[in-house]
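The values are calculated or read from the model by the stated rules, or taken from the named source; none is laboratory data. Being a predicted model, the structure only gives us computed values, none of them experimental. Cβ atoms come from the backbone with ideal geometry, glycine included; neighbour counts cover every protein chain shown.
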Amino acid sequence: MAKPIQLEINGKRYTVQCDPETPLLSALRDELGLTGTKYGCGEGQCGACTVLLSGTPRRSCQIPVSAAAAKPITTIEGLEKDGRLHPVQQAFLDAEAFQCAYCTSGMILSSVGLLSTNPNPSSADIVQSLQGNICRCGTHPRILGAVHQAAKAMRERAR
Amino acid sequence: MSGPSIKFEPESERYEFRAGPMHHFDLARRDFFKFLGAGIAVFAVAKDSLAKQETAPTRGFHQEELPKDITAWLHVGEDGGVTAFTGKVEIGQNIRTALAQTVADELRVPFESVTMVTADTALTPFDFGTVGSRSMPTMSPQLRRVSAAARDLLVGAAAKEWNVAAEGLTAADGKVTNPATGRSLRYAELARGKTLAQNLPAEDPVTPANQWKIAGKPIPKKDGRAFVTGKHQYTPDLQRPGMLHGKVLRPPSFGATLTSFDAKAAQAMSGVVVVHDGDFIGAAAANERDASKALEAIHAEWKEVRQTSSKELYSYLKQNAKASGNERSRRIKGSVEDGLSAAAHRLDATYTIAFIAHAPLEPRAALAEWSDGKLTVWTGSQRPFAVRDELANVFHVSENNVRVIVPDTGAAYGGKHTGDAALEAARLARAAGHPVKVVWTREEEFTWAYFRPAGVIEIKSGIAADGMLTAWEFHNYNSGMSGIETPYAAPNQHIEFHATECPLRSGSYRGLAATANFFARESHMDDLARAGQADPLEFRLKNLSEPRLRAVFEAAAKSFGWPRKNIQEGQGFGIAGGLEKGGYVATCAEVAVDGTSGAVRVVRITTAFECGAIVNPDGLRNQVIGANIQGLGGALFEAIEFENGRITNPRFSGYRVPRFRDVPEIEAVLLDRKDLPSAGAGETPIMGVAPAVGNAIFEATGTRLRSLPMVPQGLPAAKT
């Protein structure tokens with residue numbers, strides 16, 4: 001049965017009318033039109049649907065919308081501030097760390113999550129964090145480089 | 001003794017012509033068309049088609065009859081903006097950027113002022129499809145010629161304006177200048193108030209690569225910002241007013257036919273539309289969940305047919321080979337028998353290649369909308385015009401009443417040549433009276449799409465005591481003819497493709513059969529080198545005269561550090577290469593094999609690639625490295641498993657694709673041949689990966705792996 005559910009996404013409050021078991025991914029995409037978050041597999045294996053839930057990268061296809069209620073959610077649409085890209089977005093753009101770019105939202109959100117807890121990750125740390133994100137075009141080396149670059153930019157900015 | 005030498009016909013994408021539409025429906029015909037603003041428009045037509053114009057017209061994008069061979073056109077608007085139109089599709093290969101560079105370069109305008117309109121059957125000229133690495137060798141020159149022609153028109157317009165001869169005028173930076181007077185006119189000013197449309201024979205001379213200013217540079221991807229902000233809308237992201245979500249009820253197994261059907265419960269659900277048409281059963285509802293619930297409420301019974309399984313795949317392919325005799329699939333030169341009897345070393349080996357899936361991260365999807373008997377479909381496809389024709393056919397409407405638009409798509413790799421999702425969405429939309437979007441699930445994608453064909457390859461060969469090939473006999477069952485010929489100079493050859501019954505729906509995959517044929521040939525060449533106690537690179541070069549292929553072998557080896565200086569336990573180097581689709585590739589790989597666990601790690605790869613003049617080195621590097629990583633999947637662990645008409649691993653949790661931990665250090669060595677025309681680069685760089693890795697595993701362990709994927713569970717009998 002559809003119920004009103006309160007969500008806090010990118011700092012804004014939304015009410016969605018849907019079955020509480022609906023995956024958060026469907027609520028974002030189909031109810032709220034936030035289509036930057038992608039469907040890739042529906043089993044939490046590819047990472048295309050990654051969002052930050054209370055700052056932690058989570059697979060939105062695996063989270064019932066009711067479980068996301070009242071927790072801050074960040075999607076790809078919420079990273080750009082006042083027309084300025086998030087350093088991770090900027091680094092992906094600068095390195096052209098994408099080809100078809102369908103995985104890019106998930107890659108960026110996973111990386112933002114990593115850098116929020118580990119501002120100076122090793123390559124092994126990045127590989128570990130992105131192991132659950134699939135890129136079928138094979139852009140992995142550039143993504144790795146972009147995350148290093150973003151980490152550097154964020155450390156410099158924090159100084 | 002010696003038979004005639006028969007040239008193979010180039011393998012076009014051989015499967016999609018066989019694959020008929022999945023569904024058949026009934027409908028009616030009508031008509032439509034499109035626009036063009038003021039300014040200057042130029043159509044590129046093939047040289048001889050202007051003469052044929054009156055006798056061989058074709059449907060146009062705005063109802064004018066146009067010569068049949070229009071391949072590209074562009075428009076210079078009153079604001080000086082340039083819009084170039086091509087039927088090609090952007091699927092991550094960066095063609096939008098590369099073609100815009102070509103136009104900007106030849107028209108002499110800033111890159112930013114060029115907009116590429118791609119893959120919209122109402123707006124862009126007919127195109128066969130974004131397949132076969134053909135965009136750069138065919139579309140790029142067409143756009144270059146149309147741009148040169150438009151530039152000449154603009155120069156002519158300026159000459160007329162100033163009443164001077166066109167010859168002395170120059171075009172640069174979006175304007176025409178008269179060096180004698182210093183006066184100049186912007187393209188915007190020259191186009192203003194004009195509605196000039198010209199068909200020009202595409203024979204104007206174009207700028208040679210060594211004078212390119214915008215092409216040849218690492219210009220960033222067009223609209224890159226839209227991709228990192230999530231703003232770009234792929235097909236699954238599109239919405240239309242009143243849109244419903246559609247789902248299709250799939251049979252329990254391949255080839256199953258419907259025997260009974262009861263949808264009363266589903267039809268009683270509010271807001272649900274159920275469609276039953278032949279073997280097609282689908283439902284549309286306000287959201288995917290409701291559409292899925294409706295399908296669950298449908299009672300359908302199917303008659304299934306017994307089928308083979310992946311365990312018996314290779315014997316099945318051999319046993320079901322069709323009678324040969326087609327000369328186009330066979331090449332015989334000299335006598336293999338004589339060559340073998342003259343050989344000092346002979347080898348005989350069989351190689352097998354599993355079915356694999358493209359698994360593009362964006363699944364097949366389509367959004368269809370009917371309005372006044374006209375159909376518009378947005379879908380991720382490599383062949384929008386073929387999808388249009390398929391829709392027109394199935395729904396019995398005129399092609400002019402069907403418009404197919406392809407948003408930049410979340411990849412395809414050869415897997416999106418058919419219009420399955422488009423047909424499904426259009427059928428549901430027609431019944432629902434609303435636009436309907438169908439997005440395949442990953443499981444549907446792994447099951448109902450088509451696969452890279454499996455194959456069996458048998459090779460018999462011989463070399464003389466001096467290390468020269470004497471005989472080369474090569475039989476490919478089912479996987480295909482691409483790359484089947486050997487680049488090595490064997491005086492006696494018998495090369496043949498054998499068609500067989502194929503247990504799964506098969507189609508194009510990045511590189512087609514060349515990946516399989518390269519794997520077999522280059523693995524075999526490695527064994528021959530060892531039989532003759534020669535270095536694998538030296539052995540290849542000794543039997544190879546093609547200078548462009550020699551050049552990439554040498555470049556890869558040099559950059560990689562071939563041959564190995566120190567031997568470490570479990571470490572191996574391998575090399576492989578070849579030429580295909582106008583591109584030349586050589587790959588070196590280093591592996592490390594854990595002697596206890598048998599785990600194989602690819603440590604590093606160097607791939608040298610040459611495809612003529614490079615249009616965008618940064619985009620090319622992305623394609624080459626991407627192809628190498630994708631190739632690792634099919635080389636090491638990707639395989640579709642099936643049993644009795646069902647795919648048994650239709651998920652990413654059961655079908656392993658390369659992930660970050662699988663990615664070695666990869667170097668792309670790009671050879672820029674400005675003196676040669678640009679060839680495509682999307683496919684050939686994938687072809688050397690599997691044999692180079694297999695050869696490296698052999699060097700590390702002494703185990704020769706002749707079956708792709710080579711180590712789905714690690715190396716079972718690691719001998720280090």
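Mind counting the residues in the stretch B:589-617 that are part of a strand (DSSP E or B) and under 24 Å from B:Ser678 (Cα atoms)?
Number of matching residues: 5.
Can you name every residue in the stretch B:80-114 that is away from chain A (no Cβ under 14 Å), under 20 Å from the mean Cα position of the chain (by Cα) and assigned to a loop (DSSP other than H, G, I, E, B)?
Across the stretch B:80-114, the qualifying residues are B:Gly87, B:Lys88.
Considering only residues that are closer than 18 Å to A:Asn118 by Cα and surrounded by 20 or more Cβ atoms within 10 Å (Cβ to Cβ), which ones fall in the stretch A:51-73?
Of everything in the stretch A:51-73, those that are closer than 18 Å to A:Asn118 by Cα and surrounded by 20 or more Cβ atoms within 10 Å (Cβ to Cβ) turn out to be A:Val51, A:Leu52, A:Pro57, A:Arg58.
Might you check whether a residue that is under 28 Å from the mean Cα position of the chain (by Cα) and within 14 Å of chain A (Cβ to nearest Cβ) occurs anywhere in the stretch B:464-474?
No, the conditions are met nowhere in the stretch B:464-474.
Conditions first: (1) over 13 Å from the mean Cα position of the chain (by Cα); (2) more than 12 Å from every other protein chain (Cβ to nearest Cβ); (3) closer than 22 Å to A:Thr139 by Cα. A:Phe98 passes all but one, so which condition is the exception?
For A:Phe98, the failing item is (2).
Looking only at the stretch A:32-50, which residues are among the polar types (S, T, N, Q), buried (at least 23 other Cβ atoms within 10 Å of the Cβ) and either more than 11 Å from chain B (Cβ to nearest Cβ) or more than 16 Å from B:Phe227 (Cβ to Cβ) (or both)?
To start, the set of residues in the stretch A:32-50 that are among the polar types (S, T, N, Q) comprises A:35, A:37, A:45, A:50.
If we keep only those that are buried (at least 23 other Cβ atoms within 10 Å of the Cβ) as well, we get A:35, A:37, A:50.
Correct list: A:Thr50 only.
Would you mind stating whether A:Ala67 is modelled with pLDDT of 95 or more, over 25 Å from B:Ala226 (Cβ atoms) and aliphatic (A, V, I, L, M)? Steps first, answer last, please.
Details: modelled with pLDDT of 95 or more: yes; over 25 Å from B:Ala226 (Cβ atoms): yes; aliphatic (A, V, I, L, M): yes.
Criteria met by A:Ala67.
Here is a yes/no grid of residues against (1) assigned to a helix (DSSP H, G or I); (2) surrounded by 22 or more Cβ atoms within 10 Å (Cβ to Cβ):
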residue	(1), (2)
B:Leu347	no, no
B:Thr350	no, no
B:His358	no, yes
B:Leu361	no, yes
B:Ala366	no, yes
B:Ser381	no, yes
B:Ala386	yes, no
B:Asp389	yes, no
B:Ala392	yes, no
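Which one of the conditions (1) in contact (Cβ under 8 Å) with a residue 12 or more places away in the chain; (2) not in a helix (DSSP H, G or I) does B:Thr177 fail to meet, given that it meets all the rest?
(1)
Take the stretch B:236-245 and flag every residue that is farther than 16 Å from A:Cys49 by Cα and within 13 Å of chain A (Cβ to nearest Cβ).
B:Leu238, B:Gln239, B:Arg240, B:Pro241, B:Met243, B:Leu244, B:His245
What is the one condition in (1) in contact (Cβ under 8 Å) with a residue 24 or more places away in the chain; (2) assigned to a helix (DSSP H, G or I) that A:Leu93 does not satisfy?
Result: A:Leu93 passes all but (1).
Considering the stretch B:154-176 alone, what residues qualify as being within 42 Å of the chain's Cα centre (by Cα) and among the charged types (D, E, K, R)?
Residues satisfying the conditions are B:Asp173, B:Lys175.
Of the residues B:Ala226, B:Ala148, B:Ala159, which single one is more than 30 Å from B:Gly271 (Cβ to Cβ), outside any loop (DSSP other than H, G, I, E, B), of a type outside the set (Phe, Trp, Tyr) and within 14 Å of chain A (Cβ to nearest Cβ)?
Details: B:Ala148 fails: within 14 Å of chain A (Cβ to nearest Cβ); B:Ala159 fails: within 14 Å of chain A (Cβ to nearest Cβ).
Step by step, each of B:Ala226, B:Ala148, B:Ala159 is checked, and only B:Ala226 is more than 30 Å from B:Gly271 (Cβ to Cβ), outside any loop (DSSP other than H, G, I, E, B), of a type outside the set (Phe, Trp, Tyr) and within 14 Å of chain A (Cβ to nearest Cβ).
Before we move on, is A:Pro121 out of contact with any strand residue (DSSP E or B) (no Cβ under 7 Å at 6 or more places or on another chain) and surrounded by 17 or more Cβ atoms within 10 Å (Cβ to Cβ)?
Criteria met by A:Pro121.
Of the residues that sit in the stretch B:539-556 and are crowded, with 24+ Cβ neighbours inside 10 Å and under 23 Å from B:Ala679 (Cα atoms), which one is nearest to the chain's Cα centre (by Cα)?
Only one residue tops the list, namely B:Val552.
Does B:Ala368 satisfy being out of contact with any Asp or Glu (no Cβ under 7 Å at 6 or more places or on another chain) and not assigned by TED's automatic domain parsing to the domain that holds B:Gly462?
Criteria met by B:Ala368.
Working only within the stretch A:73-90, note down all residues that are over 13 Å from the mean Cα position of the chain (by Cα) and more than 9 Å from chain B (Cβ to nearest Cβ). Walk me through it before giving the result.
Filtering the stretch A:73-90 for residues over 13 Å from the mean Cα position of the chain (by Cα) gives A:81-85, A:87, A:90.
Of everything in the stretch A:73-90, those that are over 13 Å from the mean Cα position of the chain (by Cα) and more than 9 Å from chain B (Cβ to nearest Cβ) turn out to be A:Lys81, A:Asp82, A:Gly83, A:Arg84, A:Pro87.
Taking A:Leu24 and the conditions (1) within 11 Å of chain B (Cβ to nearest Cβ); (2) more than 24 Å from A:Arg142 (Cα to Cα); (3) buried (at least 24 other Cβ atoms within 10 Å of the Cβ), which numbered condition does it fall short on, given that it satisfies the others?
Going through (1) within 11 Å of chain B (Cβ to nearest Cβ); (2) more than 24 Å from A:Arg142 (Cα to Cα); (3) buried (at least 24 other Cβ atoms within 10 Å of the Cβ) one by one, A:Leu24 breaks only (1).
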